[in-house]
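Before any comments, here is the structure.
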2 protein chains.
Amino acid sequence: MDQVAEAAGVSRATVSRVINGAPSVDSKIREMVQRAIADTGYVPNVAARSLVTRRSNSVALVISEPDRPDNHSFLNRIFTDPYFGRITAGATSALRPHDIHLVVIPTDSTDHHQVVRYLRQGHVDGVLLISSHEQDTLPRQVHDLGIPAVVSARPTSPIAVSYVDVDQRLGARLAAEHLLNRGCRALATISGPLDIPSGLDRLDGFRSFLAGRGFPTVPSVEGDFTRAGGEAAARRLLTDFPDIDGLFVANDLMAEGALRLFQDLGRRVPDDIAVVGFDDSSAALDCRPLLTTVRQPVEEMAAEMAEVLMAHIATPGRLPRSVTFQPSLVIRDSA
Amino acid sequence: MDQVAEAAGVSRATVSRVINGAPSVDSKIREMVQRAIADTGYVPNVAARSLVTRRSNSVALVISEPDRPDNHSFLNRIFTDPYFGRITAGATSALRPHDIHLVVIPTDSTDHHQVVRYLRQGHVDGVLLISSHEQDTLPRQVHDLGIPAVVSARPTSPIAVSYVDVDQRLGARLAAEHLLNRGCRALATISGPLDIPSGLDRLDGFRSFLAGRGFPTVPSVEGDFTRAGGEAAARRLLTDFPDIDGLFVANDLMAEGALRLFQDLGRRVPDDIAVVGFDDSSAALDCRPLLTTVRQPVEEMAAEMAEVLMAHIATPGRLPRSVTFQPSLVIRDSA
DNA sequence: CGGTCGCCTGAGAGCGCTCTCAACGGCGCT
DNA sequence: AGCGCCGTTGAGAGCGCTCTCAGGCGACCG
């Protein structure tokens, strides 16, 4: 930097001003400095800058999920799940124009030690926190740290934190309505894990809407949001209720598994049994028949999380706010 | 830090020594300092540390792929592809014990401006570079920057850089041998993009092995490593060569697409046509029938990349080295 | 008992940047 | 013509840490 200053015949302060685009620099001088920068091949040292600005220009994407005994499969599941992929994609694209980079940190939702230490050390300016499990204490811990954060779903305990969510119950209702409109009368559902709010809300939304339409009891089986889990759940469901003609599955991956089973069993979809998924992830297009599903704009939601986070970082005292997206029904071939 | 020093009755230098685990500290003093750290809730400032150590304790995972016109789908494809997911998982798990974090940076392989600037600024200590396209200049640019790097495949131009790869030709040969052993005699292949070495090597390995076994010409269609691409390629192949009974597909995703087509067409797998994939990704288990495939230990390869990178970072002058993994055949139901 | 060696510790100089504050010069006003 | 103000620049003080180097003290040896 001293070199640049000397080459341009100005002080370090002025070089700094040019680099940071301060308006109060004479245009001739600005030009000279820029030429000097180009000539010397000068590149600012980010550590030194961070030290004084207290900004790192990066944010963490923390994915907090219950660990499996075997850590290997845990990471594999996380990074292979299209849901998290879409989140990463959405966040990346929103952050890019701000020149902010993303540090991806998967963590066991029962042991936040490492992550908390990382965050406290000031590596990042803020956190995008993907945490869905009810008993997960990370949202609260992050909140207590006082570091800017946005959570991916309405926190279960009332924390003053910004979050972005989709109207889960409305989504379930859209599915129920569609199945009803098709003429299905023996409805059932494969729910998500019931210890996570989105799992619960989709189940409850589905049931309570149907209750209002004269279906007081609707069979359900709990799934785990994986393809294999969906297949197993569908099998159980069919054993107990062989006559169902309409099925709402709480995410696309499980729906894909269910479709596979129906195919193996020779049940025609949607003629024998209509299936509606949830997410509208790429999995919905990998099914046969193509999956009718409730669209959740995950990329846009992640981008919104990023924008809200940027706002929090820019104006520290800012009050938390929540943004709720509307789901929509995407009708394809399975229902 | 001054607070801690005062509380423990020592100098800042000693506090620093304790934090960094220097051996030459009296155990009583060490204890006092640790207590002081706990009491004051002191957390080191990473920016200040980076400024003097010139280490950031993070590395970049740069994924360089040709962009699509629409950037949105580009990011989506990257982060939804299980291959990249496995890489991320493998790298993360290898880096975690070193307390190194991963900054994920997708980039258009034709415009490296942003990435290069990022790397030059010293944000990261090294780069894991996922780049497969032949004409991609990023490996060379990174090499010229002089920053520690490991590439995911043998670079096409001879650059003195470390890389990790799998024996592509051997993998293709395993597939060919297996199809032959099953009794298939009308063989064909869906290749990967032919402007990327792995695509070329798998095709060439397949063909040249078969040539040696009395099959001088083997039909092939070029695919794009996506499910939809695989389905389209299979359709084209079947149009021109309706009688093939053994098919090698250059990755699992395309194989899944092909299987889907065969199912729609009523071709039985493996009885009418045997199919062997490549990768052994999660997609292989999402197919019906379960996919026989050439296993590429992607997670282990990514972990090895990380280890090699750590070594380069630790000892700057270290000579580049390459590690080649052996593929293996995983026999399931499709062949 | 004195000298010397070696182990620990403390003092202090940076690392490379930003940012405040003061100085300077030119301009417009009275 | 003098005064004051604004716009622009430079000087210099940190930001919080590491690390070298010198000094002190105890131990061991002669």
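If you scan the range B:128-141, which residues turn out to be in contact with a helix residue (DSSP H, G or I) (Cβ under 7 Å, 6 or more places away or on another chain) and either β-branched (Val, Ile, Thr) or at pLDDT 95 or above (or both)?
Residues satisfying the conditions are B:Leu128, B:Leu129, B:Ile130.
Have a look at A:Arg55, A:Arg12 and point out the one that is among the basic types (Lys, Arg), within 30 Å of A:Pro155 (Cβ to Cβ), within 13 Å of DNA strand D (Cβ to nearest atom) and open to solvent by 20 Å² or more (accessible area, probe 1.4 Å).
Within the list A:Arg55, A:Arg12, the selection yields A:Arg55.
For a quick check of your reading of the model, give me the residue pairs whose first member lies in the range B:125-154 and is in the same structural domain as B:Gly199 (by TED's automatic domain parsing) and on the phi > 0 side of the Ramachandran plot, whose second is among the charged types (D, E, K, R) and at pLDDT 95 or above, with beta-carbon atoms closer than 7 Å and at least 6 apart or on different chains.
No pair meets every condition.
Give the residues of the range A:21-52 that are within 22 Å of B:Val124 (Cα to Cα) and within 12 Å of DNA strand D (Cβ to nearest atom), sorted by residue number.
Within the range A:21-52, A:Asn45, A:Ala47, A:Ala48, A:Arg49, A:Ser50, A:Leu51, A:Val52 qualify.
Hey, among A:Phe79, A:Phe74, which residue is open to solvent by less than 50 Å² (accessible area, probe 1.4 Å), among the hydrophobic types (A, V, I, L, M, F, W, C), out of contact with any helix residue (DSSP H, G or I) (no Cβ under 8 Å at 6 or more places or on another chain) and closer than 30 Å to B:Leu285 by Cα?
That would be A:Phe74, the only listed residue that is open to solvent by less than 50 Å² (accessible area, probe 1.4 Å), among the hydrophobic types (A, V, I, L, M, F, W, C), out of contact with any helix residue (DSSP H, G or I) (no Cβ under 8 Å at 6 or more places or on another chain) and closer than 30 Å to B:Leu285 by Cα.
Across the range B:113-124, which residue is modelled with the highest pLDDT among those that are more than 8 Å from chain A (Cβ to nearest Cβ) and buried (at least 21 other Cβ atoms within 10 Å of the Cβ)?
Checked the range B:113-124; the qualifying residue modelled with the highest pLDDT is B:Val124.
Filter the range B:262-306 for residues that are within 10 Å of chain A (Cβ to nearest Cβ), without any contact (Cβ under 8 Å) to a residue 60 or more places away in the chain and in contact with an Asp or Glu (Cβ under 6 Å, 6 or more places away or on another chain) and give the result.
Scanning the range B:262-306 gives a single hit, B:Cys287.
Kindly provide the set of residues from the range B:195-231 that are of a type outside the set (Asp, Glu), closer than 17 Å to B:Ile244 by Cβ and touching a strand residue (DSSP E or B) at 6+ places or on another chain (Cβ under 9 Å), ordered by number.
B:Leu203, B:Phe206, B:Arg207, B:Leu210, B:Phe215, B:Val218, B:Pro219, B:Ser220, B:Val221, B:Gly223, B:Gly230
For residues in the range B:84-96 being among the small types (Gly, Ala, Ser) and more than 9 Å from chain A (Cβ to nearest Cβ), which is surrounded by the fewest Cβ atoms within 10 Å (Cβ to Cβ)? Write out each step before concluding.
Applying the first criterion (among the small types (Gly, Ala, Ser)) to the range B:84-96 yields B:85, B:89-91, B:93-94.
Subset that is more than 9 Å from chain A (Cβ to nearest Cβ): B:91, B:94.
Values: B:Ala91: 29, B:Ala94: 22.
By that ranking, first place goes to B:Ala94.
Looking at (1) more than 16 Å from DNA strand C (Cβ to nearest atom); (2) at the interface with another protein chain (Cβ under 8 Å from one of its Cβ atoms), which one does B:Phe74 not meet, given that it meets all the others?
(2)
Examine the range A:222-230 for a residue that is modelled with pLDDT of 95 or more and over 22 Å from A:Pro82 (Cα atoms), and state whether such a residue exists.
no
So, in the range B:215-224, exactly how many residues are open to solvent by less than 40 Å² (accessible area, probe 1.4 Å) and either closer than 19 Å to B:Arg77 by Cα or touching a Pro at 6+ places or on another chain (Cβ under 8 Å) (or both)?
1
How many residues are of a type in the set (D, E, K, R) and closer than 18 Å to A:Gly183 by Cα if we restrict to the range A:251-285?
Of the residues in that region, 4 qualify.
In the range A:1-17, what count of residues is obtained for those that are within 10 Å of DNA strand C (Cβ to nearest atom) and either at pLDDT below 90 or over 19 Å from B:Ala47 (Cα atoms) (or both)?
Looking only at that region, the number is 11.
Can you tell me which condition B:Asp280 does not meet? The list is (1) on the phi > 0 side of the Ramachandran plot; (2) surrounded by fewer than 21 Cβ atoms within 10 Å (Cβ to Cβ); (3) not polar (S, T, N, Q), and all the others hold.
(2)
Could you pull out the residue among B:Asp99, B:Asp81, B:Asp67 that is within 9 Å of another protein chain (Cβ to nearest Cβ) and at pLDDT below 90?
Values: B:Asp99 fails: at pLDDT below 90; B:Asp67 fails: within 9 Å of another protein chain (Cβ to nearest Cβ).
Result of the check over B:Asp99, B:Asp81, B:Asp67: B:Asp81.
Tell me yes or no: at least one residue of the range B:162-170 is within 14 Å of chain A (Cβ to nearest Cβ) and not aliphatic (A, V, I, L, M).
No: zero hits.
Across the range B:18-52, what is the number of residues that are within 9 Å of DNA strand C (Cβ to nearest atom), more than 14 Å from chain A (Cβ to nearest Cβ), open to solvent by 80 Å² or more (accessible area, probe 1.4 Å) and under 26 Å from B:Arg96 (Cβ atoms)?
Of the residues in that region, 1 qualify.
The values are calculated or read from the model by the stated rules, or taken from the named source; none is laboratory data. These numbers come from a predicted model, not from an experiment. Positions of Cβ are generated from backbone atoms using ideal geometry, with glycine treated the same way; all protein chains shown enter the neighbour counts. Please note that ligands, DNA and RNA were not included when accessible areas were found on the heavy atoms of the full protein model with its side chains. Shrake-Rupley method; radii C 1.70, N 1.55, O 1.52, S 1.80 Å.
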